[in-house]
Structures are given as structure tokens and as C-alpha cells.
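Below: one structure, written as C-alpha cells.
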Amino acid sequence: MTQEWLPLPGTPVEEIDTPAIIIDLDAAEANISRMQEFAREHGISVRPHTKTNKSPYWAWKQMNAGAIGICCAKVGEAEQMAAAGIPEILIPNQIVTKRKIKRLMSVASTTKTIVAVDSEANVADLSDAAVSQGVEIGVLIEVNVGMDRCGVEADSAAKLAGAIVKAPGLRFDGVMGYEGHTVAARDFEERKTEALRAMDRLLSAASEIRKAGIPVNIVSAAGTGTYNITGALEGITEIQPGSYIFMDGDYLEVFNDFQPAMTLLTTVISRTGDRGVLDCGLKSVSIDRGSPYAVGIDGVEVGRPSEEHTKVVLTGDAKSLRVGDNVSLRAMHGDTTINVHDYYFCVRNGKLETVAPIVGRGKFR
Ligand SMILES: Cc1ncc(COP(=O)(O)O)c(C=O)c1O
């Protein structure tokens, strides 16, 4: 399918059709380098979670900066990344049902693949499929580190490791635990206390498994908000942050260790008195963590978006906004906004450099 309407490199940002995700390339690249530098200084690896960016364009930038591989939340995302040649993929999530496991093994037949498990039944299903499709797949035990989502309790990990070691087609690689309940705590000390408590559980699972005589090569954890807490902890071998690459409105309330790199470019389509209407809505920006806010301009109060409209109340200089003018917004939640767009419009010095397809969008199966 031709996409003749896509703007050419060199197009000024204000000529890009809206609503459009604009990425400040300098900021996103600096974020990637900064995370990698932190890891290098602490002797750990980065396996960025690409559930945020959903795009091989960014995954390759992360790999080229030194990441050892990437994470994908779903098999559908992993299929896209494997097709783009990403050499190592961890799915830090449970893949169940015959249909999905078969697709997972197909990914594993072309790309080094690791998957998380938290039950013996799943281990048996993965092993059967690996044998019948003639592949080997790496397995991490997910430990419940306090988020109470998936994962076994730390004291059951050694038993599950024993089952994995005996399962043909599976390679036991280690453990993972995501301290998602702590990553967005606004107060650093609170974040640190809770993250360290969570990591006690993960490290104790690793130690129980080792006591059973089974080597644990990977101990994987952390999101953006805990990269420098979990990532500085003895015994953690790698971190899996995702949001740091662009930093959304929510994460910017946690810290400014990384730069905001993503905005949603919109256009004023109607003006009456102190009211303006923007051409974005629930179909182009998510509000699960609150309404977006305007950046680069004062006096634009953003209301709750409806499907394709967002009302704004204008005060001061913002009253000079006219129909056709642009307003840049910052989404409070980047991942769920990115998931409804086809492209990143990547900009440097105010000009379009690249249009990068978001091939992982909607790949939630
Ligand atoms: C398993 C897992 N690892 C890592 C991350 C990355 O977290 P963050 O968005 O805080 O960087 C997530 C986020 O949901 C996750 O579910």
C-alpha cells in the first residue's frame, strides 16, 4: 500500500498532518544513551521493554546502544520484532493456550526467545510444543514480588525450577520479577523502600533455586522508576525499563532523570470566545492516567477529550490561537497513546527526519 500522504524528510514540524505523535529525536536518543550508561557503570545489562515503543526502529536504536535484547509483552509484538531481525526477545509474561504457544515456538525457531512461567502446567505445555516444533526456548520463573499480578511466591520457585530443568525443549535461564506497584511512587525514599522489599523476594527465590543446585544466570527486574534502585542492587543481572525512552506525563511526575521526548501535535479546528477545539480525542490520545496537557504554550486548559474532539479553555496569550494553529499536548500515558497510532514523526531541529511505523500497535494477541 502506498502512503503518498506521508511527509518527506525535511518537512517543518508545523506542516505535519495532525493528530501526530512527534518524537524529539535528540531527547529520545539521549534517554537511550543515559540508561545504557547507567547499566555500564553498574555492571548490569539493559533489556528494554518495547511494549512502550512497539517499533523495531526504536528497538534497533536500543540494541545499537548496547541492549542485550528486548522485552515484548505479547507474542504479536515479538513476531513483529523477530521479523525485523531483533536477535533476542524476552516475553516477561505468561503465554498460554496451544494456539499462542505454537506461535511462540515459531518465533523461537528464528530468534533466541525467553518466556516467563508461573505454573507447572504451563511448563508442560511449553515443553510439549518445543519438542514437537523442534526448538529450544529459554524460561524464566516469574516471582510475585508484591505486585500480586502474575508470578509464584518466592518459596515455590525452586520446585518450579526443578520441573523446568527436567522438561525437554526448555532451558532454565533464571528468574524475573516486576515491581510495578512501586515504579511510579512519587517520593524517592518510598519508591526505594518498596522496591528493595520487592527485590528481597526475587533474590530469595534466586538463592533458593541455587541452593537446590540449579544455576540462575538471569535475574531480571525493574521499570523506569526503579532503574537506579533495583539496577544498583547486588544480584540483579539486568533491568527491563520501557517508558524511559519517551517519558510520558505520568512518569514526569515521578522524576526528570530522562527527558520528555514525545508530544501529540494537534490542530485547532474551532474557536468561539475563550473556547477552542482540538482535532484529537479518545481515538488518538489515551486518558487512563488523566487528560493530556498543553506544552510550549501557557493559558491552554485541556478538558476531557471525547472521541474526536478536545475542548480547551484559553486565557492570556493563548486567546490569540486561531483555527488551523497547532497545539502540542503531552499524553499522561505514553504506551496506550502510542498503541493507537500508525507512525512516529521523528523530528530534529524542528524538521522531520524519519517517519517510523509503529508495527506493534494493536498486537495484543
Ligand atoms: C514485566 C514488565 N517489565 C518492565 C516494564 C517496564 O516498566 P516501565 O514502563 O516502568 O519502564 C513493565 C511495564 O509494564 C512490565 O510489565
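The values are calculated or read from the model by the stated rules, or taken from the named source; none is laboratory data. Predicted model, so just to flag it, every value in this text is computed and none were measured. With ideal geometry, Cβ positions are generated from the backbone for all residues, glycine too; neighbour counts draw on all protein chains shown.
For region 347-362, name all the residues that are surrounded by fewer than 18 Cβ atoms within 10 Å (Cβ to Cβ) and assigned to a strand (DSSP E or B).
Arg348, Lys351, Glu353, Thr354, Pro357
Take Ser132 and tell me if it is buried (at least 16 other Cβ atoms within 10 Å of the Cβ), assigned to a helix (DSSP H, G or I) and assigned by TED's automatic domain parsing to the domain that holds Ile101.
no
Condition first: in a loop (DSSP other than H, G, I, E, B) and buried (at least 16 other Cβ atoms within 10 Å of the Cβ). Now tell me which residues in region 182-213 satisfy that.
The initial filter retains those residues of region 182-213 that are in a loop (DSSP other than H, G, I, E, B), namely 182-187, 212-213.
Listed by number, the residues that qualify are Thr182, Val183, Ala184, Ala185.
Can you work out which of the residues in region 185-222 that are within 13 Å of the ligand (Cβ to nearest atom) and of a type outside the set (Ser, Thr, Tyr) is farthest from Gly43 (Cα to Cα)?
Ala185
Is there a residue in region 338-346 that is more than 19 Å from Thr50 (Cα to Cα), of a type outside the set (Val, Ile, Thr) and either in contact (Cβ under 8 Å) with a residue 40 or more places away in the chain or in a strand (DSSP E or B) (or both)?
The answer is no, given that none of the residues of region 338-346 is more than 19 Å from Thr50 (Cα to Cα), of a type outside the set (Val, Ile, Thr) and either in contact (Cβ under 8 Å) with a residue 40 or more places away in the chain or in a strand (DSSP E or B) (or both).
Any chance you could count how many residues in region 135-153 are closer than 13 Å to Tyr178 by Cα and not in a loop (DSSP other than H, G, I, E, B)?
5
Return the residue satisfying two criteria in turn: it lies in region 223-238 and is within 12 Å of the ligand (Cβ to nearest atom) and polar (S, T, N, Q), and of such residues it is surrounded by the fewest Cβ atoms within 10 Å (Cβ to Cβ).
Per the stated criteria, the residue is Thr224.
Quick check on region 250-268: of everything there that is surrounded by fewer than 23 Cβ atoms within 10 Å (Cβ to Cβ) and in a helix (DSSP H, G or I), which residue is farthest from the ligand (Cβ to nearest atom)?
Leu252
Which of the residues belonging to region 223-249 are within 25 Å of Ile16 (Cβ to Cβ), in a helix (DSSP H, G or I) and in contact with a His (Cβ under 9 Å, 6 or more places away or on another chain)?
Hits for region 223-249 are Ser243, Gly249.
Return the only residue of Arg275, Arg330 being touching a residue at least 24 places away in the same chain (Cβ under 8 Å), among the charged types (D, E, K, R) and within 27 Å of Val355 (Cβ to Cβ).
That would be Arg330, the only listed residue that is touching a residue at least 24 places away in the same chain (Cβ under 8 Å), among the charged types (D, E, K, R) and within 27 Å of Val355 (Cβ to Cβ).
Going by what's in this entry, would Lys61 be described as under 30 Å from Glu41 (Cβ atoms), under 22 Å from the mean Cα position of the chain (by Cα) and surrounded by fewer than 18 Cβ atoms within 10 Å (Cβ to Cβ)? Even if it seems obvious, please write down each step before you answer.
Details: under 30 Å from Glu41 (Cβ atoms): yes; under 22 Å from the mean Cα position of the chain (by Cα): yes; surrounded by fewer than 18 Cβ atoms within 10 Å (Cβ to Cβ): no.
Considered against the rule, which asks whether it is under 30 Å from Glu41 (Cβ atoms), under 22 Å from the mean Cα position of the chain (by Cα) and surrounded by fewer than 18 Cβ atoms within 10 Å (Cβ to Cβ), Lys61 comes out as no.
Quick check: is even one residue across region 270-286 more than 16 Å from the ligand (Cβ to nearest atom), modelled with pLDDT of 95 or more and closer than 28 Å to Asp187 by Cα?
yes
Among the numbered criteria (1) touching a residue at least 40 places away in the same chain (Cβ under 8 Å); (2) of a type in the set (A, V, I, L, M, F, W, C); (3) assigned to a loop (DSSP other than H, G, I, E, B), which one does Leu282 miss?
The number of the failed condition is (1).
Filter region 269-301 down to residues that are among the aliphatic types (A, V, I, L, M) and within 26 Å of the chain's Cα centre (by Cα) and give me whichever is nearest to Tyr343 (Cα to Cα).
Checked region 269-301; the qualifying residue nearest to Tyr343 (Cα to Cα) is Val285.
Quick one: which residue in Asp118, Asp155 is touching a residue at least 40 places away in the same chain (Cβ under 8 Å), in contact with a Cys (Cβ under 6 Å, 6 or more places away or on another chain) and either within 17 Å of Gln240 (Cα to Cα) or assigned by TED's automatic domain parsing to the domain that holds Pro215 (or both)?
After ruling out the rest, the residue left standing is Asp118.
For region 285-308, which positions are part of a loop (DSSP other than H, G, I, E, B) and without any contact (Cβ under 8 Å) to a residue 40 or more places away in the chain?
Gly296, Ile297, Asp298, Gly299, Gly303, Arg304, Pro305, Ser306, Glu307, Glu308
Looking at Glu29, Glu41, Glu15, which is the one that is surrounded by fewer than 16 Cβ atoms within 10 Å (Cβ to Cβ) and closer than 30 Å to Asp257 by Cβ? Lay out the reasoning, then the answer.
Working: Glu29 fails: surrounded by fewer than 16 Cβ atoms within 10 Å (Cβ to Cβ); Glu15 fails: closer than 30 Å to Asp257 by Cβ.
Testing whether each residue is surrounded by fewer than 16 Cβ atoms within 10 Å (Cβ to Cβ) and closer than 30 Å to Asp257 by Cβ leaves just Glu41.
Tell me the helices (runs of 4 or more DSSP H) entirely within region 1-116 that contain at least 1 residues that are under 22 Å from Ile239 (Cβ atoms) and within 15 Å of the ligand (Cβ to nearest atom).
Output list reads 25-42, 56-64, 75-83.
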